[in-house]
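**Q** I'd like to ask some things about the structure below.
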Amino acid sequence: MGRVFNFSAGPAMLPTEVLEHARAEMLDYRGTGMSVMEMSHRGRDFMEIAERAEADLRDLMGIGDDYAVLFLQGGATSQFAMVPLNLLGSRDTADYINTGQWSKKAIAEARRFCAVRVAASTEDSGFTTCPAQEELELNPGAAYVHYTPNETIGGVEFPYVPETGAVPLVADMSSTILSRPIDVSRFGVIYAGAQKNVGPAGLTLVIVRRDLIGEPRQGTPTMFSYRTHAEAGSMFNTPPTYAWYLAGLVFQWLKAQGGLAAMAQINRRKAEKLYAAIDGSDFYHNPVDPACRSWMNVPFTLADPALDKTFLAEAEAAGLKTLKGHRSVGGMRASIYNAMPEAGVDALIAFMEEFERRYG
Ligand SMILES: *Cc1c(COP(=O)(O)O)cnc(C)c1O
């Protein structure tokens with residue numbers, strides 16, 4: 001089989017079992033004589049797929065009935081606008097925690113709609129750390145507090161969930177959702193583009209506390225209203241049916257792995273061994289504060305950046321793909337989401353050790 005270990009930050013690897021399952025059902029989904037892509041989203045077969053996916057996600061994450069789960073389009077980037085449009089209500093200010101490139105994008109978009117207060121920023125550190133709870137300067141009058149639990153580009157992950165009192169907490173979980181158990185009741189809104197840890201691109205998950213689904217700001221397009229989608233069961237218009245189906249297969253796969261507690265153990269182990277390999281060598285370097293290192297995205301540089309091209313070419317030849325770092329950070333980045341097998345991390349570490357022996 002020609003499968004490689006793909007360290008892309010997104011779209012990222014999907015579990016091979018999920019792809020095989022989808023392949024087996026591709027031409028004829030359970031005797032319907034058609035693929036899931038070709039079905040009406042309002043027909044019984046797809047409704048069953050949709051309901052099962054939602055039920056499995058609720059089960060995996062422990063999402064209570066007081067939350068709506070929306071299967072939308074538009075990516076996490078659309079949520080940068082939908083969050084203020086739907087949550088501001090009569091308020092005109094929101095708090096944002098700035099920990100990297102994705103926080104900055106969320107802030108820039110929110111500024112189109114309200115006064116953004118930056119409750120903490122780690123920009124001075126070059127976005128290599130996350131603020132402590134005591135460092136958050138929160139405004140009790142804010143409509144909500146927005147943060148990015150895992151900065152996909154910088155590889156910075158909060159080791160805790162910020163405490164925001166009565167102000168709803170909004171999290172862009174695009175690159176960390178489903179990587180470990182979380183207490184959903186701590187959040188007002190959780191959103192995530194699917195293409196990192198959920199399924200194919202084109203689907204965006206939004207988990208929103210029902211009491212926050214109000215009247216959106218005047219002039220909000222119908223499609224940008226949480227109420228529209230909550231009332232229509234995410235079927236106000238044609239939803240991304242195939243991506244929804246594949247996400248459902250990923251949820252079933254996660255349950256078969258033992259759920260999020262089991263995934264957390266595997267993810268922690270994968271990340272710890274990769275960081276240990278980086279820290280144990282003078283040849284590789286990761287700049288992130290060890291307390292805030294991401295389990296999902298591991299950036300690293302070589303002692304001699306002139307070797308970057310050789311490293312990437314040889315890694316690629318060894319079946320270790322898409323390790324090039326984000327253009328804003330340089331160096332390498334290994335994204336090791338749920339679907340990256342531990343064997344992939346082991347292979348990367350073995351390759352890095354061998355590369356250092358030859359070039360270090
Ligand atoms: C990838 C990513 C985004 C952008 O997601 P799209 O689905 O492409 O809009 C936003 N936030 C974070 C944290 C990401 O990792």
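The values are calculated or read from the model by the stated rules, or taken from the named source; none is laboratory data. From a predicted model like this one, the values you see are computed outputs, not experimental measurements. So basically every Cβ, Gly included, is an ideal-geometry build from the backbone, and we count neighbours across all protein chains shown.
**Q** For region 101-135, name all the residues that are assigned to a loop (DSSP other than H, G, I, E, B) and in contact (Cβ under 8 Å) with a residue 40 or more places away in the chain.
**A** Phe113, Gly126, Thr128, Thr129, Cys130
Residue by residue, here is whether (1) within 20 Å of the chain's Cα centre (by Cα); (2) over 18 Å from Met13 (Cα atoms) holds:
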site: Ala291; (1), (2): yes, yes
site: Pro299; (1), (2): yes, no
site: Leu302; (1), (2): no, yes
site: Leu323; (1), (2): yes, no
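**Q** Still on this structure: Exactly one condition in (1) polar (S, T, N, Q); (2) surrounded by fewer than 18 Cβ atoms within 10 Å (Cβ to Cβ); (3) in contact (Cβ under 8 Å) with a residue 24 or more places away in the chain is false for Asn98; which is it?
**A** (2)
**Q** What is the one condition in (1) in contact (Cβ under 8 Å) with a residue 12 or more places away in the chain; (2) under 25 Å from Val156 (Cα atoms) that Ala276 does not satisfy?
**A** Single failed check for Ala276: (1).
**Q** Out of the residues in region 136-163 that are without any contact (Cβ under 8 Å) to a residue 60 or more places away in the chain and β-branched (Val, Ile, Thr), which is nearest to Phe7 (Cα to Cα)? It would help to see each step written out before you state the result.
**A** Step one: list which residues in region 136-163 are without any contact (Cβ under 8 Å) to a residue 60 or more places away in the chain, which gives 136-143, 145, 147-149, 160-161, 163.
Within this subset, residues satisfying the condition of being β-branched (Val, Ile, Thr) are 145, 148, 161.
Working: Val145: 31, Thr148: 21, Val161: 27 Å.
Step by step, filter region 136-163, then rank; the result is Thr148.
**Q** Here are Ala12, Ala53: which of them is in contact with a Gly (Cβ under 6 Å, 6 or more places away or on another chain), at pLDDT 95 or above and more than 28 Å from Val118 (Cβ to Cβ)?
**A** Just one listed residue meets the conditions, Ala53.
**Q** Looking for something at pLDDT 95 or above, basic (Lys, Arg) and over 13 Å from Met82 (Cα atoms) - is there at least one such residue anywhere in region 186-203?
**A** yes
**Q** Is it the case that Tyr284 is among the hydroxyl-bearing types (Ser, Thr, Tyr), in contact with a strand residue (DSSP E or B) (Cβ under 9 Å, 6 or more places away or on another chain) and crowded, with 21+ Cβ neighbours inside 10 Å?
**A** yes
**Q** Let me ask something else about it. For region 91-112, what are the residues that are more than 15 Å from the ligand (Cβ to nearest atom) and either modelled with pLDDT under 95 or not hydroxyl-bearing (Ser, Thr, Tyr) (or both)?
**A** Arg91, Asp92, Ala94, Asp95, Arg111, Arg112
**Q** Another question about this same structure. Can you name every residue in region 287-307 that is without any contact (Cβ under 8 Å) to a residue 60 or more places away in the chain and either surrounded by 20 or more Cβ atoms within 10 Å (Cβ to Cβ) or within 12 Å of Met352 (Cα to Cα) (or both)?
**A** Correct list: Phe300, Thr301, Leu302.
**Q** Please enumerate the residues belonging to region 173-194 that are away from the ligand (no atom under 14 Å from the Cβ) and either of a type in the set (Val, Ile, Thr) or within 15 Å of the chain's Cα centre (by Cα) (or both). Show your work before the answer.
**A** Taking region 173-194 as the starting set, the residues that turn out to be away from the ligand (no atom under 14 Å from the Cβ) are 180-188.
Result: Arg180, Pro181, Ile182, Val184.
**Q** Between a first residue in region 164-189 that is touching a residue at least 12 places away in the same chain (Cβ under 8 Å) and of a type in the set (Lys, Arg) and a second residue that is more than 10 Å from the ligand (Cβ to nearest atom) and outside any loop (DSSP other than H, G, I, E, B), which pairs have beta carbons less than 7 Å apart while being 6 or more apart in sequence or on different chains?
**A** Within 7 Å, the pairs are Arg180/Leu260; Arg180/Met263; Arg180/Ala264; Arg180/Asn267; Arg186/Leu169.
**Q** Further question: Go through region 2-55 and count every residue that is assigned to a loop (DSSP other than H, G, I, E, B), within 16 Å of the ligand (Cβ to nearest atom), of a type outside the set (Gly, Ala, Ser) and surrounded by 18 or more Cβ atoms within 10 Å (Cβ to Cβ).
**A** Matching residues across region 2-55 total 3.
**Q** Moving on. Would you check if Ser328 is among the small types (Gly, Ala, Ser), crowded, with 19+ Cβ neighbours inside 10 Å and either free of Cβ contacts under 8 Å to residues at least 12 places away in the same chain or under 26 Å from Thr204 (Cβ atoms) (or both)?
**A** So Ser328 does not fit the description; no.
**Q** Can you report the number of residues in region 333-344 which are buried (at least 17 other Cβ atoms within 10 Å of the Cβ) and either over 19 Å from the mean Cα position of the chain (by Cα) or on the phi > 0 side of the Ramachandran plot (or both)?
**A** 1
**Q** While we're on this one: Going through region 122-144 one residue at a time, which ones are within 16 Å of the ligand (Cβ to nearest atom) and at negative phi?
**A** Within region 122-144, Thr122, Cys130 qualify.
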